[in-house]
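First comes the structure, then the notes that go with it.
The values are calculated or read from the model by the stated rules, or taken from the named source; none is laboratory data. For clarity, every value in this text was computed on a predicted model and none was experimentally measured. Cβ sites come from the backbone with ideal geometry, for glycine too, and all protein chains shown count toward neighbours. Ligands, DNA and RNA are stripped out before the accessible areas are found, and what is left, the full protein with its side chains, is counted by its heavy atoms. Shrake-Rupley method; radii C 1.70, N 1.55, O 1.52, S 1.80 Å.
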Amino acid sequence: MSRVAIVTGASSGIGAATARRLAAEGFHVLAAARRADRLAALVAEIATDGGAATAVACDVTSDESVAALAQAAALAPGPVTLLVNNAGGARGLDPVESGAIGDWQWMYDVNVLGTLRVTQALLPALESSGAGTVVIVSSTAGFTVYEGGGGYTAAKHAQTAIAGTLRLELCGRPVRVIEIDPGMVKTDEFSLVRFGGDADRAESVYAGVTEPLVAEDVADCIAWCATRPQHVNVDRLVVRPLAQAAQHKVHRTS
């Protein structure tokens, strides 16, 4: 039987890259996201490359949708040994005094409660496998704040708190908890979603940065952590591009 990995937010960016990479590592991947058409294309691509994957339409903000994901996992062709909580995102770059409550609510629902729902739903399967791993894709925003990032950094700090707390609570049980904290990653959608579809503003985030991280870089980190021997727990992996020394210190060419 194949080992089964579940990746949320798999329709684009880091999630899609992680699904491809884990399939190449020999996992049967359950690729979960809201956009079923994109998932179908991803699964077909993975199959063409010799891997195995199944598309599961899932909205991590819905209890019913996450329950259906758990049901799909129960029918998967092998034990569920890996969960990658990748679904998330940012909206807006407004100061706290004028931040939109709706944006903050969305970021909390997707990043924090989405991680909670999916982890709760899949934890029994991960534990019963005897060698489970939970990966939480947070951000350097999970430990560093910056102007305009109050809502996003609050959500990512909460994700980091979930990872640390869960690791303590699962001590002595056969489930690892790994936190991945990327810095600047240039993907097709992250900044575009953050700025409401404003492509110029989204592109300006990476202006002058010759080599930001890309989705495949983060997928490589996730796969490396998840494929270490089971007794090896990489608690937290922070990964930034060389040009980014810190959240506020980025080298940009003229």
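Please give the number of the condition ASP59 fails out of (1) outside any loop (DSSP other than H, G, I, E, B); (2) over 25 Å from PRO174 (Cβ atoms).
It fails just one condition, (1).
Evaluate the following for ALA76: is it in contact (Cβ under 8 Å) with a residue 12 or more places away in the chain, of a type in the set (Gly, Ala, Ser) and closer than 21 Å to SER12 by Cα?
The answer is no for ALA76.
Give the residue, chosen from ALA207, ALA199, that is out of contact with any helix residue (DSSP H, G or I) (no Cβ under 8 Å at 6 or more places or on another chain) and either among the acidic types (Asp, Glu) or more than 30 Å from VAL80 (Cα to Cα) (or both).
ALA207
Mind listing just one residue for me: the one in the range 1-11 that is over 11 Å from ALA55 (Cα atoms) and at pLDDT 95 or above and, of those, surrounded by the fewest Cβ atoms within 10 Å (Cβ to Cβ)?
So the residue we want is ARG3.
For the range 44-54, which residues satisfy the criterion of being within 15 Å of ALA33 (Cα to Cα) and either open to solvent by 50 Å² or more (accessible area, probe 1.4 Å) or in contact (Cβ under 8 Å) with a residue 40 or more places away in the chain (or both)?
THR54
Out of the range 219-254, which residues are surrounded by 18 or more Cβ atoms within 10 Å (Cβ to Cβ), touching a residue at least 60 places away in the same chain (Cβ under 8 Å) and not in a strand (DSSP E or B)?
If the condition is that a residue be surrounded by 18 or more Cβ atoms within 10 Å (Cβ to Cβ), touching a residue at least 60 places away in the same chain (Cβ under 8 Å) and not in a strand (DSSP E or B), then ALA219, ILE222, ALA223, CYS225, ALA226, ARG240, GLN247 are the ones that fit.
If you go through the range 24-43 one residue at a time, how many are open to solvent by less than 50 Å² (accessible area, probe 1.4 Å) and within 16 Å of the chain's Cα centre (by Cα)?
Qualifying residue count, the range 24-43: 6.
Taking VAL209 as meeting all but one of (1) touching a residue at least 60 places away in the same chain (Cβ under 8 Å); (2) over 23 Å from ALA19 (Cβ atoms); (3) open to solvent by less than 40 Å² (accessible area, probe 1.4 Å), write down the number of the exception.
(1)
So which residues in the range 190-206 are open to solvent by 40 Å² or more (accessible area, probe 1.4 Å) and under 18 Å from the mean Cα position of the chain (by Cα)?
PHE190, LEU192, VAL193
Any idea which of (1) without any contact (Cβ under 8 Å) to a residue 40 or more places away in the chain; (2) touching an Asp or Glu at 6+ places or on another chain (Cβ under 7 Å) is the one CYS171 doesn't satisfy?
Status for CYS171: all satisfied but (2).
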